[in-house]
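For reference, the structure discussed in these notes is given below.
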């Protein structure tokens, strides 16, 4: 069995959502037409374009982006168009904030405490 993970979401606004994640993550994706994978340190996050009526869910996913400095990362996501749903809060594992991307998808930004 291999290691690592790929998480992807479907979007009807591929270019706009790519600009958002590219700016917020600070990483340029590879470009394979409808498939735009961002190679991250511990996995892959990708965008996949779909047409209206395709049956793919473009509203739901669950992902947490691990960051070294959550107090720096959350404002960066917000500056690129994220909406803060729940600000930085202490958790048993470290700190977590809940945000929403420009397509309305909820995601988390997490700083693990070692």
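Of the residues in segment 20-37, how many are within 12 Å of the chain's Cα centre (by Cα) and either touching a residue at least 24 places away in the same chain (Cβ under 8 Å) or in a loop (DSSP other than H, G, I, E, B) (or both)?
Residues flagged as within 12 Å of the chain's Cα centre (by Cα) and either touching a residue at least 24 places away in the same chain (Cβ under 8 Å) or in a loop (DSSP other than H, G, I, E, B) (or both) within segment 20-37 amount to 8.
I need the full set of residues from segment 23-34 which are closer than 21 Å to residue 106 by Cα and surrounded by fewer than 16 Cβ atoms within 10 Å (Cβ to Cβ), in order please.
Matches in segment 23-34: 23, 26, 27.
I'd like the residue in segment 64-85 that is surrounded by 16 or more Cβ atoms within 10 Å (Cβ to Cβ) and at pLDDT below 90 and, out of all such residues, is nearest to residue 9 (Cα to Cα).
This residue is 65.
Are there strands (runs of 3 or more DSSP E) fully within segment 38-114 with at least 3 residues that are closer than 21 Å to residue 28 by Cα and within 11 Å of the chain's Cα centre (by Cα)? List them.
Counting at least 3 such residues, we get 43-49, 64-66, 106-112.
The values are calculated or read from the model by the stated rules, or taken from the named source; none is laboratory data. Remember, predicted model here, so these are calculated numbers, not experimental data. In this analysis, Cβ positions are derived from the backbone assuming ideal geometry, glycine residues included, and neighbour counts consider all displayed protein chains.
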